[in-house]
1. Under 20 Å between alpha carbons, and skipping anything fewer than 8 positions from K228 in its own chain: which lysines qualify?
2. For E74, E187, E91, which order do you get if you count the other beta carbons within 10 Å of each Cβ and list the fewest first?
3. Would you mind ranking H172, H76 by Cβ crowding within 10 Å, fewest neighbours first?
4. Taking K and R as +1 and D and E as -1, what net charge do the other residues with C-beta under 15 Å from the C-beta of T235 add up to?
5. Which of the lysines could a cross-linker span from K87 if the Cα-Cα distance has to be under 28 Å and same-chain partners fewer than 8 positions apart are dropped?
6. Which trypsin sites (Lys or Arg not before Pro) in segment 38-110 sit in a loop by DSSP (not H, G, I, E or B) and have at most 13 other Cβ atoms within 10 Å of their own Cβ?
7. Compute and list, largest first, the equivalent-ellipsoid semi-axes of segment 156-254 from the alpha carbon gyration tensor, each √(5λ) rounded to a whole angstrom.
8. If packing is taken as the mean number of other Cβ atoms within 10 Å per residue, what is the order of 122-128, 226-232, 53-59, highest first?
Amino acid sequence: MNLFLSWIAEQEEAGVEVRIRGRGHAMTGDARGILLVEDEAVIREAMAAYLNANDYLVTEAADGQEALAFFDHEKHALIILDLMLPKLSGEEVCRTIRRDSDVPIIMLTAKGEIADRIAGLELGADDYLVKPFSPRELVARVRALLRRVQLSDDSPGETLVFGELAIDLAGHCVTLNGEEVVLTASEFKLLVTLARHPGRVYSRMELIEKVLGYDFEGYERTIDSHIKNLRSKLTDDPRKPHWLFTSHGAGYRFENPYA
Ligand code: CA
């Protein structure tokens, strides 16, 4: 472990939040695992070093074009993607990758850019992180997201069927009138969570814990974005819902129209 990393470790053991802002010490990070796309070299290198120290293998990309050039389905289990990038924006990169991959994506945005965060999620990112963030938080999110994808891969061979809507838990596949509906890992987990208990109202915080696998205040709007995407993919009209209902002031619920 190099000096920079041991310093971070000491700070965190002492309960001090470390914010990556200053100069980082780069480790050689280039292998399987995570594609890290960030144009600010100091931040990117510090993140890569911290991820490396946590046994992730990082491929670094410094702009949107590199991101698309370096992304490898076989090699990368997750992408960390900065929104504001030279050459090709994070949005463009996300949209392009989503055309043929449901690889988990964590979007990085500058502080307070709520519109950007929501835009990122609507493009199919699974999660977002606001700068400046602590390296520990980054690793926690990466772990949570990878664990979630792993868990949904290990679901028992069960299919939930509600008339024209079928949710195959083991196959990680949703069909509507026999046609496959392509969902991101987060959207799938959210739908399964709600559909397992039709009629039960889940608060946004509950859904964040179940779906995103962590418990941070202030991320409730993440759930609203995922619900919005799900509704659009299931062609569910929020004003006259068939499946996904808003319980005003309380949260969301799934209803089985055939029950
Ligand atoms: Ca940037």
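Computed from the coordinates by the stated procedures, all read-outs in this text should not be read as laboratory data. Every value quoted in this text rests on a predicted model; they were computed, and no experiment measured them. Don't worry about glycine lacking a Cβ; one is built from the backbone with ideal geometry, like all the others, and counts go over all protein chains shown.
1. In chain and number order, the partners are K189, K210, K240.
2. Placing the least packed residue first, the sequence is E74, E91, E187.
3. Least crowded to most crowded, the residues run H172, H76.
4. -1
5. Answer for K87, where 28 Å is the Cα cut-off: K75, K111, K131, listed by chain and number.
6. R99
7. Each semi-axis is √(5λ); the values are 21, 15, 12 Å.
8. Result, highest mean first: 122-128, 226-232, 53-59.
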